[in-house]
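To start, the structure under review is shown below, and the notes come after it.
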Amino acid sequence: MALEGLMTEFFHDCTTNERKREIEELLDNFAQQIGAWRLCLYFLSSTRNDYVMMYSLTVFENLINKMWLGVPSQDKMEIRSCLPKLLLAHHKTLPYFIRNKLCKVIVDIGRQDWPMFYHDFFTNILQLIQSPDLSVARKEELRKLLLDQVQAVLGLLTGILETVWDKHSVTAATPPPSPTSGESGMPIPILDAESEYICSLALECLAHLFSWIPLSASITPSLLTTIFHFARFGCDIRARKMASVNGSSQNCVLGQERGRLGVLAMSCINELMSKNCVPMEFEEYLLRMFQQTFYLLQKITKDNNAHTVKSRLEELDESYIEKFTDFLRLFVSVHLRRIESYSQFPVVEFLTLLFKYTFHQPTHEGYFSCLDIWTLFLDYLTSKIKSRLGDKEAVLNRYKDALVLLLTEVLNRIQFRYNQAQLEELDDETLDDDQQTEWQRYLRQSLEVVAKVMELLPTHAFSTLFPVLQDNLEVYLGLQQFVVTSGSGHRLNITAENDCRRLHCSLRDLSSLLQAVGRLAEYFIGDVFAARFSDALTVVERLVKVTLYGSQIKLYNIETAVPSVLKPDLIDVHAQSLAALQAYSHWLAQYCSEAHRQNTQQFVTLISTTMDAVTPLISTKVQDKLLLSACHLLVSLATTVRPVFLISIPAVQKVFNRITDASAQRLVDKAQVLVCRALSNILLLPWPNLPENEQQWPVRSINHASLISALSRDYRLSSPRPPTKVIIHQTLSVLEDIVENISGESTKSRQICYQSLQESVQVSLALFPAFIHQSDVTDEMLSFFLTLFRGLRVQMGVPFTEQIIQTFLNMFTREQLAESILHEGSTGCRVVEKFLKILQVVVQEPGQVFKPFLPSIISLCMEQVYPIIAERPSPDVKAELFELLFRTLHHNWRYFFKSTVLASVQRGITEEQMENEPQFSAIMQAFGQSFLQPDIHLFKQNLFYLETLNTKQKLYHKKIFRTTMLFQFVNVLLQVLVHKSHDLLQEEIGIAIYNMASVDFDGFFAAFLPEFLTSCDGVDANQKNVLGRNFKMDRDLPSFTQNVHRLVNDLRYYRLCNDSLPPGTVKL
């Protein structure tokens, strides 16, 4: 009674925290007493108080899991005998959570003692096999013993499920089985609550077993059939309806339970389905499963009335639909290739049912999941056709009707014209983790399906899509007749509510269809360019016409009756038409090279008209969305298409004049950068199909210089006062982008670029010291210099590059680095990271030019940066510093290890001569230290760097590493495994230990391993001997790493056992 009083007081709302702590201490002290379990056994059999029972079971749990080794064997026998009796006697009256806890305690005993000391124990203890606190030998023994029992357990579970099913089945005459399924149409039995509960436990048990046992003869046809019987519960609407009609809450719960049996059965089926490696003898079972599923799918989608199918799916349990969709996904992704060849399985009919299932999904998420299944199917079909070119047509013809139907329905689903109610439910404002709205995701996934069908059936897909686009284009192009002049400008004279709504839907559909047409651009280029030329030309001409039309009548600035709806629609259509045209830039480039040979006026007209559409939009008066679409199109014309005549088009001249006019208002940053990139590329990029002597480099060079001069005017000519932060930002963002986009181009292009930029670069270097304490400006300047080093270091020349490096090394003193890293937050750290990135470029440069900087760079790393960041928990700067150290070693190996062939031959020495040893040792020590820190990303990166240095330069074989560092690293890595601090990297760590040990296996087995075990605390001498004996002297990678993981696991297990023994226990 006292314990009951204490427990009730502990959980009472009025009990203070202080009193709770006192009670907790009392209970803890009681639990630690030897023999406390006897009283707990008495409490369990005598009380009905849940708190007391739970506490008593916790005492048992603690005893078994932490102190069992020290419990006398007589006591163990008594506990093993009493607890199961208690469970049998009271399982019907115990609350379920107490019953489950008691089961878990009994299983804990079995885990320790079965079968040697507890031979009559057997139950499903799958979850505990994975438990970390068992030795490897014990885990393996348990798994083997369990597998021996699997057949019996599966038989038992099958028996339970069959008995319940047969007992409750209606023995009326049943219709014959359907030809495709082998499943009879018998009605589903009504189960009582207890039977449902037993079956749900049996199905849960099966799902657990299926997750780890191999597919084998143990899984019999009768078991599969029984599971599928129960899967039918999920699609039995009749029972759910009866439950709700009969009204009582108990009936509703029954209906839910029945649904749950269906969900559990599908979980079992999906466990089997998810196994990719299927033994030959199991394939027949798979076919049987798919036939059963076919029956379920028929049942779910039964009825020709579309509304009924959808309402039917809405009435099913959401979890069941999810599981069923998972099954279909596994079927298509893992097993379709196996089943398709069976004549008994009707694949085309299956796709028809999948089609119905997909397009009657009650939720958007369900629809998305089904679209994923179709994507998997289309991928499968595409790869099958590519691998079997011979009967390509036969394969395609088999599925053609299904694909055309799919394409048409997916296109209908993205149009308001056919699917307004559903589409209006989609959120088009909130961004998800992929930075897209629900509407954008819906459209993107739909268009992926359209594109995959296009790849398989290009002609069909195009002839399906283009007329639909045309219809909506006619509406858009017809708007001109409704534009009237008003006092303040132009107005769209469509005012009736119904007309506005119809226009809104048509514009939304046009926007989606323009995106669809853009997505298909890739299927008109390459080998099929000539064959599909006329279709592509039709599309491009329409797009050019639409963009010009939008720009000429300025629909983006027009007044409308519903400005909050129609204005965004009009802007979006205009932007999407530009984006769709941009998608065809690769087609235009291919046309450009064809036209170059034939000098066709048609191509010139296309480009000139496009520029007439783009130029008016490059203005501060145009909305950002539209402005940026125009800028991106301009960049593609300048970079991808590159027509020779582009610069001479008047519209392009107009853009040059606008951008270089000091008095013109500047565009928003992003647009300004894009337009400047385009103009620079027009002058810098070589024209395709023209020899070098026809590239007109001299005149283009002069024009580029004057363009850059105009863009950097305020930045260069601001003296005596330095330029403002705004001017620095505006100028450097443009110049950096120009350099970045030219960095992979020809030498000539980069030469001209650097000539134009030279003065701005010198000004930047001169300004750098003035802004060293303003990390936001330093950040931008270093970004610019980093881009220069990556793209134009050859053009900058050695003397000037040296000057830049020296300036930076002088500026970044220890004090400056500390100020940046410790006091200026993330911007300060970014500054240091960019500085280190510049040095990474420097140390990678081949040849001898920058070698004189190596001592200063290593000194900066090890004596100035490393001491500041070494002990900081923050990962800032560390990754960049270690990458710099790695690149220094990787690209300058001979700075540390001198090697000449002649010297080796003359002296007969295989060892290389070591130089700069202190610096090498310091770098290696820093790597070692990094493995003791919690940052898993840094750990993974640095382990990869060491392994790379070993692969490329035989790091672990070098004398200095082998004799002074090798086993220190192995020791650190083993300790990391023992402490489980970086468990995600177990495999990588195991391989690294192997690679290090393999340099000197004899030393590892004879010296390191005994030494390592000797230094291990928390284990006794006998346990150390066992650990040593169990580590076999295998020298192959798989066996060695298995031994490493066994050692680590068993070491942890022994420590846990030893910690749990009562004081003074004699260990044998």
Worksheet entry | Reachable aspartates and glutamates from LYS670, criterion Cα separation under 17 angstrom, eight or more residues apart if same chain | ASP624, GLU736, ASP737, GLU740, GLU780
Discussion item. Can you report the principal axis dimensions of segment 437-586 using only the alpha carbons, biggest first, rounded to whole angstrom?
Written reply: 55, 31, 22
Response to the item:
Measure of exposure for TYR42: accessible area at 1.4 Å probe, Å² rounded to 10, is 140 Å²
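Give the calculated FRET efficiency between VAL978 and CYS82 to the nearest 0.05, with a Förster radius of 35 Å applied to their Cβ-Cβ distance. Provide the component values of the computation, followed by the final result.
Details: r = 37 Å, r/R0 = 1.07.
Calculated value: 0.40.
Roughly speaking, what is the stretch gain from SER45 to ALA870, that is 0.36 nm per residue apart minus the C-alpha to C-alpha distance, in nm to one decimal?
Extra length available between SER45 and ALA870 comes to 291.1 nm.
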Worksheet item: Accessible area of VAL668, 1.4 Å probe, to the nearest 10 Å²?
Response: 60 Å²
Practice prompt. Pop the C-beta distance of LYS621 and LYS384 into the FRET formula with R0 = 45 Å and round what comes out to the nearest 0.05.
Written response: 0.25
Worksheet entry | Directionally averaged shadow of segment 946-1060, computed from the convex hull of its alpha-carbon atoms, nm² | 7.1 nm²
Practice prompt. Treating each Cα of segment 639-732 as an identical point scatterer and ignoring solvent, apply the Debye formula and state log10 I(q)/I(0) at q = 0.10, 0.23 Å⁻¹.
Written response: -0.31, -1.26
Worksheet entry | Paramagnetic label zone (point 7 Å from Cα along Cα-to-C-beta, LEU822; backbone N under 11 Å) in segment 857-892 | 868-869
Discussion item. Ignoring ligands, DNA and RNA, please state the percent of accessible area on the chain from carbon and sulfur, probe 1.4 Å.
Written reply: 53 percent
Worksheet, complete the sentence: Between THR58 and MET1033, the two model label points (7 Å from Cα along the beta-carbon direction) sit apart by a distance in nm of 5.2 nm
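Please list SER593, SER820 in order of solvent-accessible area, largest first, computed with a 1.4 Å probe with all protein chains present. Spell out each step's value before the answer.
Working: SER593 30, SER820 5 Å².
Largest to smallest exposure gives the sequence SER593, SER820.
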Worksheet item: Gain in length, ASN412 to ASN689, computed as 0.36 nm per residue apart minus the alpha-carbon separation, to one decimal in nm?
Response: 95.4 nm
Practice prompt. Take the Cα gyration tensor of segment 312-391, multiply each eigenvalue by 5, square-root it, and list the three semi-axes largest first, rounded to whole angstrom.
Written response: 26, 13, 11
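Pop the C-beta distance of SER463 and SER488 into the FRET formula with R0 = 60 Å and round what comes out to the nearest 0.05.
On the way: r = 45 Å, r/R0 = 0.74.
With a Förster radius of 60 Å, E is 0.85.
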Practice prompt. Taking 7 Å along the Cα-to-C-beta vector as the label spot, tell me the GLN601-PHE529 distance in nanometres, rounded to one decimal.
Written response: 2.4 nm
Fill in: Label selected from (i) -0.53, -1.24; (ii) -0.49, -1.06; (iii) -0.39, -0.92, the criterion being log10 I(q)/I(0) by the Debye sum over Cα atoms at q = 0.05, 0.08 Å⁻¹ as computed here
(i)
Worksheet item: Tell me which aspartates and glutamates have Cα within less than 15 Å of LYS878's Cα, excluding those fewer than 8 residues away on the same chain?
Response: GLU833, GLU863, ASP935
Discussion item. How big is the dipole moment of the chain about its Cα centre under a simple scheme where the beta carbon of each Lys and Arg is +1, that of each Asp and Glu is -1, and everything else is neutral? Debye, nearest 20, please.
Written reply: 1600 debye
Worksheet item: How big is the gap, in Å, between the Cα center of segment 497-521 and the Cα center of segment 815-890?
Response: 53 Å
Item to complete: Determine the calculated [θ] at 222 nm for the chain from helices alone, applying -39500 (n - 2.57) to every DSSP H run no shorter than 4 residues and normalising by the residue count; nearest 500 deg cm²/dmol.
Response: -22500 deg cm²/dmol
Practice prompt. Quote the accessible area belonging to ARG1055 in square angstrom, nearest 10, computed with a 1.4 Å probe and with ligands, DNA and RNA left uncounted.
Written response: 50 Å²
Worksheet item: Quick one: length gained pulling GLU917 to LEU405 fully straight, 0.36 nm per residue minus the C-alpha distance?
Response: 177.2 nm
Discussion item. Using a probe radius of 1.4 Å on heavy atoms only, what accessible surface per residue do you get for the chain? Whole Å² is fine.
Written reply: 46 Å²
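Looking at segment 944-1003, which trypsin sites (Lys or Arg not before Pro) are in a loop (DSSP not H, G, I, E or B) and have at most 15 other Cβ atoms within 10 Å? Kindly include the intermediate steps, with their values, before the conclusion.
Numbers: sites: LYS952, LYS954, LYS958, LYS959, ARG962, LYS980; in loops: LYS954, LYS958, LYS980.
Here the sparse-neighbourhood loop sites are LYS954, LYS980.
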Worksheet item: Any idea how far apart GLU497 and SER319 come out in nm if each label point goes 7 Å out from Cα toward Cβ?
Response: 4.5 nm
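The values are calculated or read from the model by the stated rules, or taken from the named source; none is laboratory data. None of the values given here were measured: they were computed from a predicted structure. Cβ: placed from backbone, ideal geometry, glycine included. Neighbour counts: every protein chain shown. Surface accessibility is based on the protein's heavy atoms, side chains included, excluding ligands, DNA and RNA. Shrake-Rupley method; radii C 1.70, N 1.55, O 1.52, S 1.80 Å.
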